[in-house]
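Notes follow once the structure below has been shown.
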């Protein structure tokens with residue numbers, strides 16, 4: 001039981017490049033989330049998925065797209081990376097009405 | 001609207017108690033959580049309290065909830081150097097079953 005896993009752990013992109021951050025959970029949770037964490041700003045919700053086949057915008061969705069590929073996997077895509085997207089990205093999952101479980105994070109730098 | 005607020009920093013002496021405070025705005029919260037984040041790591045759930053409870057104790061941790069004032073606190077007794085971390089308060093919103101709102105985190109530092 002690995003919990004929530006994320007790949008890659010670190011990534012450096014040039015402005016305008018694209019990439020996909022992968023997230024998977026093996027806890028059979030319905031809900032999955034993508035957050036970004038910036039110094040002094042806590043966690044900001046980018047997108048979430050309440051169940052397989054559904055996705056909703058969070059607080060800061062601009063510049064991102066998501067795919068809930070199946071119940072286990074929820075990916076985050078940056079189509080054209082910008083320096084403002086330099087951040088640490090966390091994926092999380094949650095069973096109905098319970099606490100969230102977080103992945104270890106992806107540290108992304110856009111130059 | 002939905003908002004969770006915390007002070008950014010707290011410094012305490014080793015062995016003293018730490019009290020981290022949080023205020024929230026949504027009165028329909030179901031669960032309130034405390035998460036701990038150590039440097040370079042993800043968030044780990046420390047403890048949580050259901051919104052119809054006033055207090056929950058778990059070893060060195062005591063959570064107090066004042067629903068009237070929408071105030072949540074986390075007390076860590078006998079604070080140790082290993083307690084140095086960022087502590088996040090979060091609330092689960094009844095109106096949106098999937099959504100959890102996080103505060104900006106309180107960085108706890110321990111003085112010798």
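The values are calculated or read from the model by the stated rules, or taken from the named source; none is laboratory data. Since the model is a prediction, treat every value here as computed from it, not as a measurement. Here the Cβ positions follow ideal geometry from the backbone for every residue, glycine too, while neighbour counts run over all protein chains shown.
Quick check on my filter: what residues within segment A:11-50 are in a strand (DSSP E or B), in contact (Cβ under 8 Å) with a residue 60 or more places away in the chain and away from chain B (no Cβ under 11 Å)? The answer is A:11, A:12, A:13, A:19, A:21, A:23, A:25. Taken as a whole, the condition of being away from chain B (no Cβ under 11 Å), modelled with pLDDT of 95 or more and not in a strand (DSSP E or B) does not apply to residue A:53. Looking only at residues of segment B:86-112 that are more than 14 Å from chain A (Cβ to nearest Cβ) and in a strand (DSSP E or B), we find that the one that is farthest from residue B:7 (Cα to Cα) is B:111. Assessment of segment A:77-93 against the conditions (buried (at least 16 other Cβ atoms within 10 Å of the Cβ), away from every other protein chain (no Cβ under 12 Å) and in a loop (DSSP other than H, G, I, E, B)) yields at least one matching residue.
In segment A:94-111, the qualifying residues are those that are more than 9 Å from chain B (Cβ to nearest Cβ) and not in a loop (DSSP other than H, G, I, E, B), and the one that is farthest from residue A:3 (Cα to Cα) is A:110.
So, in segment B:42-68, how many residues would count as being surrounded by 13 or more Cβ atoms within 10 Å (Cβ to Cβ), modelled with pLDDT under 95 and in a loop (DSSP other than H, G, I, E, B)? Here the count works out to 4. Note on segment B:53-84: residues that are within 14 Å of another protein chain (Cβ to nearest Cβ) and closer than 22 Å to residue B:8 by Cα amount to 1.
Report yes if some residue within segment B:9-19 is within 11 Å of chain A (Cβ to nearest Cβ), in contact (Cβ under 8 Å) with a residue 60 or more places away in the chain and over 17 Å from residue A:94 (Cβ atoms); otherwise report no. The answer is yes, given that some residue of segment B:9-19 is within 11 Å of chain A (Cβ to nearest Cβ), in contact (Cβ under 8 Å) with a residue 60 or more places away in the chain and over 17 Å from residue A:94 (Cβ atoms).
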